[in-house]
C-alpha cells in the first residue's frame with residue numbers, strides 16, 4: 001500500500017539537465033531532475049522518484065537528497081519521456097507529486113562535441129552500469 005502525505009502547496013524549482021556521473025569506473029551521461037524549495041529530510045528510508053504517465057511508470061536509476069535537505073535529485077535515462085508527474089517520496093510514502101507539464105525551460109542537454117573522452121549515454125535500452133537484475 002502506498003501512503004500519501006497531504007501538505008500545503010509549496011513553490012518548487014525544478015530543473016532538468018544532462019550530467020556526467022562516473023559509475024563502474026566509466027563516465028555515464030544521465031538525465032538529472034532536480035527539485036528544490038521544500039523539505040526533503042535525510043531519513044532512514046531510502047528516497048525514491050518515478051515518472052508516472054498513467055500506464056507507463058519509469059523508476060529513477062537512483063535518487064539523492066541535498067545535504068541542506070532543501071532539495072533532491074533523481075536520475076533517469078537520457079531518453080526518458082517527461083510526461084505525466086514526477087512522484088517523489090520515501091519508502092512507500094509519497095511526499096510530492098509534480099506535474100512535469102508545468103516545468104519551465106525544458107531539458108538542458110550537454111553538447112556531445114564538448115565532452116572529452118569516452119562515455120556511455122544511458123538510454124532505456126542500454127542502461128550501462130545501471131543494468132538491474134530484473
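Residue-level check: of (1) at pLDDT below 95; (2) assigned to a strand (DSSP E or B); (3) under 11 Å from the mean Cα position of the chain (by Cα); (4) closer than 27 Å to residue 131 by Cβ, residue 82 misses just (2).
Condition check for residue 35 on (1) more than 11 Å from the chain's Cα centre (by Cα); (2) surrounded by 10 or more Cβ atoms within 10 Å (Cβ to Cβ): one failure, at (1). Residues that are out of contact with any helix residue (DSSP H, G or I) (no Cβ under 6 Å at 6 or more places or on another chain) and either over 12 Å from residue 46 (Cα atoms) or part of a loop (DSSP other than H, G, I, E, B) (or both) within segment 59-71 comprise 59, 60, 66, 67, 68, 69, 70, 71, listed in sequence order. In summary, residue 104 fulfils each of the numbered conditions (1) within 19 Å of residue 11 (Cβ to Cβ); (2) touching a strand residue (DSSP E or B) at 6+ places or on another chain (Cβ under 7 Å) with the single exception of condition (2).
For every residue, the table says whether it meets (1) at pLDDT below 90; (2) part of a strand (DSSP E or B); (3) under 15 Å from residue 77 (Cβ atoms).
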{"position": "11", "(1), (2), (3)": "yes, no, no"}
{"position": "17", "(1), (2), (3)": "no, yes, yes"}
{"position": "29", "(1), (2), (3)": "no, yes, yes"}
{"position": "42", "(1), (2), (3)": "yes, no, no"}
{"position": "48", "(1), (2), (3)": "no, yes, no"}
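Would you please name the residue that is modelled with the highest pLDDT, looking only at residues in segment 85-130 that are exposed (fewer than 10 other Cβ atoms within 10 Å of the Cβ) and assigned to a loop (DSSP other than H, G, I, E, B)? Once the filter is applied, the top-ranked residue is 125. Among the residues examined, residue 48 does not qualify as under 17 Å from residue 123 (Cβ atoms) and within 12 Å of the chain's Cα centre (by Cα). Selection over segment 56-83 of residues that are surrounded by fewer than 20 Cβ atoms within 10 Å (Cβ to Cβ) and over 17 Å from residue 39 (Cβ atoms) gives a count of 10.
The values are calculated or read from the model by the stated rules, or taken from the named source; none is laboratory data. None of the values given here were measured: they were computed from a predicted structure. We place every Cβ from the backbone using ideal geometry, glycine too, and count neighbours over all the protein chains shown.
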